[in-house]
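Novice: To start, I am sharing the structure in question, which I have written as structure tokens.
The values are calculated or read from the model by the stated rules, or taken from the named source; none is laboratory data. Remember, predicted model here, so these are calculated numbers, not experimental data. Quick reminder, even Gly has a Cβ in these numbers, built from the backbone with ideal geometry, and neighbours come from all protein chains shown.
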């Protein structure tokens, strides 16, 4: 599959982390999603029903980050990928999930995990 829909810099606040300061309050996260699907029908029909609804995927990603509490970015990225793969026309998904304020004493812009899953 070479067709892909990309949703970049989806932002949400969530509780993801191991340290007490990460568990006490929501922190900013950012996600990039690349969905593998066949876009040939939508490319001809120009009909939203023949493709992936970006709004629904964005809502799903934000909902997982905001409403679930996990310790590891790996777990949250896997949850996002698993849910996106339930969409019948999706054959694969790449999730890049970034923690925008990692709790380390050094200057670090973000920490991230990047996973790829297929059906």
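Novice: Filter the range 1-53 down to residues that are under 20 Å from residue 95 (Cβ atoms), exposed (fewer than 15 other Cβ atoms within 10 Å of the Cβ) and touching a strand residue (DSSP E or B) at 6+ places or on another chain (Cβ under 7 Å), then give me how many there are.
Specialist: Number of matching residues: 10.
Novice: Right, next: On the basis of being surrounded by 14 or more Cβ atoms within 10 Å (Cβ to Cβ), in contact with a helix residue (DSSP H, G or I) (Cβ under 6 Å, 6 or more places away or on another chain) and modelled with pLDDT of 95 or more, does residue 64 make the cut? Let's see the steps before the verdict.
Specialist: On the way: surrounded by 14 or more Cβ atoms within 10 Å (Cβ to Cβ): yes; in contact with a helix residue (DSSP H, G or I) (Cβ under 6 Å, 6 or more places away or on another chain): yes; modelled with pLDDT of 95 or more: yes.
Considered against the rule, which asks whether it is surrounded by 14 or more Cβ atoms within 10 Å (Cβ to Cβ), in contact with a helix residue (DSSP H, G or I) (Cβ under 6 Å, 6 or more places away or on another chain) and modelled with pLDDT of 95 or more, residue 64 comes out as yes.
Novice: For residues in the range 99-119 being in a strand (DSSP E or B) and in contact (Cβ under 8 Å) with a residue 60 or more places away in the chain, which is farthest from the chain's Cα centre (by Cα)? Write out each step before concluding.
Specialist: Within the range 99-119, the subset in a strand (DSSP E or B) is 99, 111-118.
Next, from what is left, pick out any that are in contact (Cβ under 8 Å) with a residue 60 or more places away in the chain: 99, 118.
Details: 99: 12, 118: 15 Å.
Among them, the one singled out is 118.
Novice: Considering only residues of the range 79-98 that are under 12 Å from the mean Cα position of the chain (by Cα) and not in a helix (DSSP H, G or I), which is surrounded by the most Cβ atoms within 10 Å (Cβ to Cβ)? I'd like the intermediate steps shown before the answer.
Specialist: Of all residues in the range 79-98, those under 12 Å from the mean Cα position of the chain (by Cα) come to 79-85, 93-98.
From what's left, not in a helix (DSSP H, G or I): 85, 93-98.
Working: 85: 16, 93: 26, 94: 18, 95: 24, 96: 16, 97: 30, 98: 19.
Of everything passing the filter in the range 79-98, 97 is surrounded by the most Cβ atoms within 10 Å (Cβ to Cβ).
Novice: Which fully enclosed helices (runs of 4 or more DSSP H) of the range 8-76 have 1 or more residues being in contact (Cβ under 8 Å) with a residue 24 or more places away in the chain, more than 20 Å from residue 112 (Cα to Cα) and over 10 Å from the mean Cα position of the chain (by Cα)? Please lay out each step first, then the result.
Specialist: Values: elements: 20-24, 40-45, 54-67.
Output list reads 40-45, 54-67.
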